[in-house]
């Protein structure tokens, strides 16, 4: 029968030492488990979402600009607003807009604009503009203007919109620096036309607004 030789530096562990070693190992395991349990909680905290406001718009209220030719009635009414939400996400606020039909168009765009302004009578005067389009997602933008003359401003241009073609959603994450730190009036408008161009149109438009002033960050 062949015997296995122990390594030269092997030392015999007594029963007391074995008990202490097991205790240390158990404590270390508990510490590792606690650390692992803390990681998801920290990650969840860093990506915390907070719903700020939402607004719904009735179906079938799209304004048709009859004098502008070029699109069918179905294409013009595709930008019928359904729901608009604002959600805080860390260092940005996500605006998500649902329309009747987000489609892969050719030669024209579906557009969404948010006009932001201070409450009437407020000493804090500002205005803001946010624009995005599913057909020109990488050309989205946000601007915040301070004071009555708007000479001092913050620019977030360009931004990139997110599009869910199946769910008819288009959303944009706007950095906090381009949003006011006080409650604001927000008006939403959707259009068919050419995004960031004065080439022609619009063929149609729809409007929605939040019931009251909202906090945007």
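All of the numbers you see were taken from the coordinates with simple rules; none came from a lab. Remember, predicted model here, so these are calculated numbers, not experimental data. Don't worry about glycine lacking a Cβ; one is built from the backbone with ideal geometry, like all the others, and counts go over all protein chains shown.
When only Cα pairs under 8 Å and 6 or more residues apart are kept, what is the percent relative contact order across the range 103-217?
Numbers: 263 pairs, mean separation 30.0, N = 115.
Worked out over the range 103-217, it gives 26 percent.
Starting from the Cα of residue 68, step 7 Å along the direction of its Cβ; do the same at residue 125; then give the gap between the two resulting points in nm.
Distance between label points: 3.2 nm.
Would you kindly state how much longer the chain becomes between residue 61 and residue 211 on full extension, computed as 0.36 nm times their sequence separation minus their alpha carbon distance, in nm to one decimal?
Extra length from residue 61 to residue 211 when fully extended: 52.2 nm.
Pairs of Cα atoms under 8 Å, at least six residues apart: use those to get the relative contact order of the range 151-217, whole percent.
Details: 80 pairs, mean separation 19.5, N = 67.
Worked out over the range 151-217, it gives 29 percent.
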